[in-house]
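Enquirer: Pasting a structure here, questions to come.
The values are calculated or read from the model by the stated rules, or taken from the named source; none is laboratory data. Just so it is clear, the structure is predicted and the values come from calculations on it, not from any experiment. Cβ: placed from backbone, ideal geometry, glycine included. Neighbour counts: every protein chain shown.
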Amino acid sequence: SEELLHQQDKLAAVGQLAAGVAHEIRNPLTSMKGYTEFLQLDEKDPTRLEYLDIILDEIDRVNQIVEEFLVLAKPQSVKLETKNIVPIIQNVLSLMEFDARKKKVNFYFENMYDFIFVRCDENRLKQVFLNFVKNGIEAMPNGGHIKVTTELREGEVQISFEDTGVGIPPDRLKKLGEPFYTTKETGNGLGLMVSFKIIESHQGRIVVESEVNKGTAFNILLPLETA
Ligand code: ADP
Ligand code: MG
């Protein structure tokens, strides 16, 4: 029956996801095991601090994967409250300022409003903004600009994150948000999946515009709170 088919689809999707998670977690585990064995062999190895750094990085990687999945596992725990999103955006930008400057990336925040009220889960929304800013920086290996703009429309606000980076070829746009889709050596391809889910749970949507070698814009549309 149709219901059964639907269930089988779901099971197939879960299987794919599980295979992806297992793969992503096995790589850092394998490397941690290897470096730990090195350390066991020679306790006076002069490179032991380097090995320990690698191990800590790999632990962070596994942790991040688990964190991202927790968001998916508990969509019901999204707590919506009325918040002014202007300081939330400012906060994310100042959080990333140092990292950006090191990479020759400048931020521009074009916003005419003191208050933009949205029903949201502040921490989750922060996570989305952070993901877009990070992706923007990573798309500009030689530096560039990230412009964040706010625009009020009928009943909604558009928050755009525009970079002057490498861009995304048209045939790759549909891959965005697929779990584990990444073009980066140390990427995990979970940031966009999680971001799309979070915005969905806020009754919003995301529109992506991109041009290869020109840049990319991630436009978030969220319903305005009209109290
Ligand atoms: P990750 O950053 O770990 O690769 P994401 O889910 O955040 O995972 O992004 C998935 C992929 O989407 C990236 O690897 C990259 O190919 C593409 N992408 C995301 N944001 C941008 C951007 N601003 N410019 C160009 N490509 C991007
Ligand atoms: Mg990312």
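Enquirer: Return only the number of the condition from (1) exposed (fewer than 11 other Cβ atoms within 10 Å of the Cβ); (2) among the β-branched types (Val, Ile, Thr); (3) touching a residue at least 40 places away in the same chain (Cβ under 8 Å) that Val14 does not satisfy.
Expert: Answer for Val14: the failing condition is (3).
Enquirer: When residues of segment 89-124 are filtered for being more than 16 Å from ligand 1 (Cβ to nearest atom), among the hydrophobic types (A, V, I, L, M, F, W, C) and touching a residue at least 24 places away in the same chain (Cβ under 8 Å), how many remain?
Expert: Number satisfying all stated conditions: 9.
Enquirer: Is it the case, given these coordinates, that Val148 is touching a strand residue (DSSP E or B) at 6+ places or on another chain (Cβ under 6 Å) and more than 10 Å from ligand 2 (Cβ to nearest atom)?
Expert: yes
Enquirer: Is it the case, given these coordinates, that Lys44 is in contact (Cβ under 8 Å) with a residue 40 or more places away in the chain and part of a loop (DSSP other than H, G, I, E, B)?
Expert: When the stated conditions are applied, Lys44 does not pass them.
Enquirer: Restricting segment 140-157 to residues that are under 18 Å from the mean Cα position of the chain (by Cα) and either within 29 Å of Asn84 (Cβ to Cβ) or in a helix (DSSP H, G or I) (or both), which is nearest to ligand 1 (Cβ to nearest atom)?
Expert: Ile146
Enquirer: Restricting the search to segment 120-145, which residues are under 19 Å from Asn106 (Cβ atoms), away from ligand 2 (no atom under 14 Å from the Cβ) and out of contact with any strand residue (DSSP E or B) (no Cβ under 7 Å at 6 or more places or on another chain)?
Expert: Once the filter is applied, which keeps residues that are under 19 Å from Asn106 (Cβ atoms), away from ligand 2 (no atom under 14 Å from the Cβ) and out of contact with any strand residue (DSSP E or B) (no Cβ under 7 Å at 6 or more places or on another chain), segment 120-145 yields Pro141, Asn142.
Enquirer: How many residues does segment 209-218 hold that are surrounded by fewer than 17 Cβ atoms within 10 Å (Cβ to Cβ) and on the phi < 0 side of the Ramachandran plot?
Expert: 4
Enquirer: Would you confirm, using the coordinates I've provided, whether Val71 is more than 30 Å from Ala19 (Cβ to Cβ) and aliphatic (A, V, I, L, M)?
Expert: It is false that Val71 is more than 30 Å from Ala19 (Cβ to Cβ) and aliphatic (A, V, I, L, M).
Enquirer: Could you list, in sequence order, all residues of segment 151-208 that are surrounded by 15 or more Cβ atoms within 10 Å (Cβ to Cβ), without any contact (Cβ under 8 Å) to a residue 12 or more places away in the chain and farther than 28 Å from Asp57 by Cα?
Expert: Of everything in segment 151-208, just one residue is surrounded by 15 or more Cβ atoms within 10 Å (Cβ to Cβ), without any contact (Cβ under 8 Å) to a residue 12 or more places away in the chain and farther than 28 Å from Asp57 by Cα, namely Glu151.
Enquirer: Same structure, new question: Pull up segment 180-219, narrow it to residues that are closer than 13 Å to Val71 by Cα and assigned to a loop (DSSP other than H, G, I, E, B), then point me to the one that is nearest to ligand 1 (Cβ to nearest atom).
Expert: Per the criteria, the residue is Leu190.
Enquirer: Among the listed residues Val86, Val118, Val128, which satisfies the condition of being outside any helix (DSSP H, G or I) and closer than 19 Å to His202 by Cβ?
Expert: Being outside any helix (DSSP H, G or I) and closer than 19 Å to His202 by Cβ holds for just one of Val86, Val118, Val128, which is Val118.
Enquirer: Okay, moving on. Between residues in segment 72-84 that are modelled with pLDDT of 80 or more and residues that are assigned to a helix (DSSP H, G or I), which pairs lie under 6 Å by C-beta distance while being six or more apart or on different chains?
Expert: Lys83/Glu122
Enquirer: Inspect segment 142-157 for any residue being closer than 20 Å to Glu67 by Cα and of a type in the set (S, T, N, Q) and give the result as yes or no.
Expert: No, every residue in segment 142-157 fails to be closer than 20 Å to Glu67 by Cα and of a type in the set (S, T, N, Q).
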